[in-house]
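Have a look at the structure below, then the notes.
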Amino acid sequence: MDRISIYDRVTNQIIADLEQGVMPYVKPWKDGIGRVGFAFPANATTEKTYSGINTLILWCAGSAMDYPTQRWLTFKQAQAAGGCVRKGEKGETIVRASTFVPKDEKKSARDEDRDPAAIPFLKAYTVFNVDQCDGLDAEVMGSVADETEEPAIDLPINAAAEHTIAASGVRIVAHPDKAFYRPADDVIAMPPMRAFHEPINYYRTILHELAHASGASQRLDRLPKFARFGSEAYAREELCAEIASGFLCAAHKIVPTIQHASYVDSWLKVLKGDNRAIFTAASHAQKAADWILDRAAEANEPSGLRHAA
């Protein structure tokens, strides 16, 4: 599969989901035993979680096919693990960022006594869900029960989320009825938890705003300058923050929800105009989530994630 078709395939899938009113990170949470649950997609043999756009791709696939687990592996890994992919099963294409240096650039760099400039590209490869395989050891198959654990959404306080919020170091100030991140003075304004119909919505909201805060110049330096509401730059940042909040919600066993329809419309406009936008947004979102979770891990809590791709 060439690079252009990778961009088109993934973008078209996300657009189709958005037009149906769902986001990839909302789809994995379903009712019933044996359904895909609070699991980040992970490689079944290395135990490393996938990241960025690959998380969205595999969440979509896991939900669409009703796989009971979010454990994946390549054809060769299935064989090495003593099993095999069943005949006729179709895998999922995911990507890995790589680079190459053209011969002409290598020569020019030598002649000019400088480092050669590498050209980035996406390398595609195929993975299969362990549910598509036969003969795999129980250890490779993993525990469905662990991945479908019921979310702790009835408790008014989510201790892990509270720890992550505090560890970020971002100042939070009270606001009677609005939630937003203000870059000028680097603060998050939040209504009190009691102002939300459900306490869990407090965490959904503050994790979204925390994703915005991660982009400040003194952190990841991602925030667009002078992005007005309704602008393309504003929509791109909102898409990034929304995906990041989906990752953060998953990390804290919080069921995420899709944003207001007006945001969805702006995202669709961006995605339809740029087939690489979702890749960029997912990459920035992963960096945002990693920055936030790393701060929590540094404060002696096990919030970090290891990534396979």
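Assorted remarks:
- Residue that is modelled with the highest pLDDT [pool: residues in segment 70-93 that are among the β-branched types (Val, Ile, Thr) and in contact with a Ser or Thr (Cβ under 8 Å, 6 or more places away or on another chain)]: Thr74
- Any hit, segment 93-113, residues being without any contact (Cβ under 8 Å) to a residue 24 or more places away in the chain, within 18 Å of Val127 (Cβ to Cβ) and of a type outside the set (Phe, Trp, Tyr): no
- Pair list, Cβ < 7 Å and 6+ apart or interchain, from segment 67-89 residues that are without any contact (Cβ under 8 Å) to a residue 60 or more places away in the chain to residues that are part of a loop (DSSP other than H, G, I, E, B) and among the small types (Gly, Ala, Ser): Trp72/Ala44; Gly82/Gly135; Gly83/Gly135; Cys84/Gly135
- The set of residues in segment 82-106 being touching a strand residue (DSSP E or B) at 6+ places or on another chain (Cβ under 9 Å) and over 23 Å from Thr55 (Cα atoms) consists of Gly83, Cys84, Arg86, Phe100, Val101, Pro102, Glu105.
- When segment 84-111 is limited to residues that are of a type in the set (Asp, Glu) and part of a helix (DSSP H, G or I), the one that is farthest from Val140 (Cα to Cα) turns out to be Asp111.
- Leading residue by the ranking (modelled with the lowest pLDDT) among those in segment 118-144 that are of a type in the set (A, V, I, L, M) and loosely packed, with under 12 Cβ neighbours inside 10 Å: Ala138
- Segment 205-219, subset in contact with a helix residue (DSSP H, G or I) (Cβ under 9 Å, 6 or more places away or on another chain) and surrounded by fewer than 20 Cβ atoms within 10 Å (Cβ to Cβ), residue modelled with the highest pLDDT: Arg219
- Summed over segment 231-282, the residues that are of a type outside the set (Gly, Ala, Ser) and over 15 Å from Thr205 (Cβ atoms) give a count of 23.
- Restricting attention to segment 62-117 and to residues that are among the charged types (D, E, K, R) and closer than 22 Å to Gln13 by Cβ, the residue that is surrounded by the most Cβ atoms within 10 Å (Cβ to Cβ) turns out to be Arg71.
- Search result, residues across segment 257-309 that are at pLDDT 70 or above and part of a loop (DSSP other than H, G, I, E, B): Thr257, Asp274, Asn275, Arg276, Ala299
- Answer residue from segment 228-255, given it is part of a loop (DSSP other than H, G, I, E, B) and of a type in the set (A, V, I, L, M, F, W, C) and is surrounded by the fewest Cβ atoms within 10 Å (Cβ to Cβ) among those: Phe229
The values are calculated or read from the model by the stated rules, or taken from the named source; none is laboratory data. On a predicted model such as this, the values are computed, not experimentally measured, just so you know. Cβ: placed from backbone, ideal geometry, glycine included. Neighbour counts: every protein chain shown.
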